[in-house]
Every structure is written in structure tokens, then in C-alpha cells.
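Trainee: Below you will find the structure I want to go over with you.
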Amino acid sequence: MDENLAAVHAYLCADGYVVKNPETQKQKYYRLGLRNTNEILLRDFQEKFEKVFSLKPRLVLKQRSEIGSREIYEKMTKEFGSFYSWHWTMPRLEENELKIWLRAYFDCEGWVTCKNHQNRMIGADCVNETGIKQVQNALRILEIESKIKKRNTRNIFSLSIFGKENLIKFHQKIGFLHPEKKEKLEKTIQNFMNYEWNLDDIEKILIEKAKIKKPTGSIRIISKLRNNLLLLQKKLLEKYKITSKINKCKNGFGTEYSELSINKKEEVKYLINNNLLNENEKQKWITLQK
């Protein structure tokens, strides 16, 4: 095992395939390949595959990189077993190869979510419970914590990495080759850098952060820092005579945050009439009043 084979293996487990024709068919074929729309990933698979096996897979841009070889098929399945979505397993890897394997896997299967100061995470879905738990253990070796949650309606396991420190470690130790995911992760990390609000411009805070809560029509503003909301609560009372409540909350991943609520209808209406909410939230409130 080396870095090139580690990447090839992860690509094949994620968006790849290692297949042969059914026994009932007379015409025999053995194929290995990566399905993906991103050219950078397809070329990386092609390059690393050639370094390992001295054969270059053909490239179909925005579709796949594929090669037919009985010898390589038998070698890979004998060494690593099945590559089917439900059955693949991670090989034993040294730390450096482990980083490369995880990079290729998350380049294919991962995504980055960045909702400003709310939900910032790296995620991956997988039907293979054993495989995704191995991914979680591999992340833990690199001191990156994650959580796995089974979907209620489908047999899919969702792995989530969240929290500033874990995302920074992922960026430093694993990272993305996929350009859009790489850029989004960098923006997500930057989004963590300043939690404290500038309460000198309360109007800007309200327009950017106030949301209408369905179906009640009340207003909610959330923050990781409770002190932001305490200062905002004081300003709302002093400047607009608006009362509010602050509660501790926890999202589905166990992350704690605070929520400020403005519940009185006449106070919500005051903010709407004085253009202290953005247009989307104003329209949402108007719709709820019908």
C-alpha cells in the first residue's frame, strides 16, 4: 500500500466500481472505474491508477474514468474483497496513507454546509454501516471527532463533522482536492472567526439575523454566544420598547446555541412596519397573516 493505491481504493469505494459480467453471460468483461462529473477528480484517479498498475484508464469527461482488466480486477478483489456500496471496507493504512484515503473518499462522497453562524459542517452519507464507522474511526485517529446518525426513513447513515476545531483539523490534515468543496470549507472556517456582534448598528443586526418562525409568526434570532443576545435584548427594550425572551437550545447534532424570541404580535408588526426585517421575512410574515 502506498499513497497512490490508497487514493485509488477510496475512489473505488466511494463513486467507483469493480465489476465483472454475470456468470450467465457468454461475453466476459472486467471493469474498474470512477464515476464523477468533476474533471480534477477523474484525472487524479486516472493518474494515480496508472502509477500503481502502469495502465492508464480512458477518460470520458464529466462521466467516468474506466479501464477493463481481468488481471487488475482479480488482484484488487483478492486483496481487498468487495467494492460494492454495501460491502467495502477500509484497508489497514499508515497515517499518511490514511489522510490520502479520506481525502479521496470525502472528495467524492462529502459535502460542506455553511449557514452563517448556524449550521457549519462536513457531511457524508453512506449505506454501508461498517464502512462509515471505519471512516469515523479513521477520523478519530487524526483527532477529528464526528457523529453518525441513521436516517429515520431510509437505510442510510449520515456522518457529520462540525465545530471550529474539527473543521480546521480536517482542512489541515485531509482537505479537499475538489475545488468547490475546498473553497466552501475555507469560507466555512472563516465564518467561525468572529462570533461577537457589533450592537452599535442594531438595525443591521435585525435585518441580517431576524427570522419569522412558522406557524406562530414570532421572531427568532439565534447566536452561539448568549452575550450577543443579552446585549441585543437590552437594546431592543431601550430603543424600541420591545420585550423578548432568551432560551438555551440544542440542534440535532447536539450543538448548543441561544435563541432570542419576540412573541408579541404588535411588537413584531412594529418591526415589520418600520422596515427592520429583510424583505423575505416580511413577506413570510404577511403570508402567515392571511
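Trainee: Arranged by the count of other C-beta atoms within 10 angstrom, fewest first, what order do 125, 44 take?
Mentor: In order of increasing Cβ crowding within 10 Å: 125, 44.
Trainee: Now a separate question. Near residue 159, within a Cβ-to-Cβ distance under 10 Å, what is the net charge of the other residues, with Lys and Arg +1 and Asp and Glu -1?
Mentor: +1
Trainee: Considering only DSSP states other than H, G, I, E and B, which chymotrypsin sites (Phe, Trp or Tyr not before Pro) in the stretch 136-245 qualify as loop sites with at most 13 other Cβ atoms within 10 Å?
Mentor: 195
Trainee: Find, among the chymotrypsin sites (Phe, Trp or Tyr not before Pro) in the stretch 40-96, those assigned to loop by DSSP (not H, G, I, E, B) with at most 14 other beta-carbon atoms within 10 angstrom.
Mentor: Counting only loop positions with at most 14 other Cβ atoms within 10 Å, the chymotrypsin sites (Phe, Trp or Tyr not before Pro) in the stretch 40-96 are 84, 86.
Trainee: My understanding is that a pair violates if its Cα-Cα distance is over 25 Å; which of 56/78; 150/173; 115/149; 204/264; 99/181; 147/169 do that in this structure?
Mentor: 150/173
Trainee: Using a cut-off of 9 Å between beta-carbons, work out the net charge of the residues near residue 113 (Lys and Arg +1, Asp and Glu -1, residue 113 not included).
Mentor: Combined, the nearby Lys, Arg, Asp and Glu give +3.
Trainee: Once fully extended, how much extra length lies between residue 24 and residue 82, figured as 0.36 nm per residue of separation less the alpha-carbon to alpha-carbon distance?
Mentor: 18.9 nm is the gain from fully extending residue 24 to residue 82.
Trainee: Once both labels are modelled 7 Å past Cα along the beta-carbon direction, what's the residue 239-residue 265 spacing in nm?
Mentor: 2.7
Trainee: Okay, next question. Just rank 249, 126, fewest to most, by other beta-carbon atoms within 10 angstrom.
Mentor: By the 10 Å Cβ count, ascending: 249, 126.
Trainee: If the elastic network links every pair of Cα atoms under 10 Å, which of 226, 120, 151 fluctuates the most in the Gaussian network model of the chain?
Mentor: Highest fluctuation of the listed residues: 151.
Trainee: How are the alpha carbon pair distances in the chain distributed across 10 Å bins from zero to the largest one, expressed in percent?
Mentor: Bins of 10 Å from zero give 6, 23, 24, 17, 14, 10, 5, 1, 0 percent of pairs.
Trainee: Another question about this same structure. Give me the extension gain from residue 149 to residue 207: residue separation times 0.36 nm, minus the current Cα-Cα distance, reported in nm with one decimal.
Mentor: Gain in length upon complete extension: 17.5 nm.
Trainee: A further question follows. Over the stretch 1-145, one equal point on each Cα, no solvent: what is log10 I(q)/I(0) by the Debye formula at q = 0.13 Å⁻¹?
Mentor: -0.59
Trainee: Here's something else I'd like to know. Quick one: net charge around residue 239, please, counting Lys, Arg +1 and Asp, Glu -1 for every other residue with C-beta under 13 Å from its C-beta.
Mentor: That works out to -2.
Trainee: How would you rank 37, 77, going from fewest to most other Cβ atoms within 10 Å of each one's own Cβ?
Mentor: Going from least to most buried by this count: 37, 77.
Rule-based calculations on the coordinates, nothing more; no lab input. From a predicted model like this one, the values you see are computed outputs, not experimental measurements. Cβ sites come from the backbone with ideal geometry, for glycine too, and all protein chains shown count toward neighbours.
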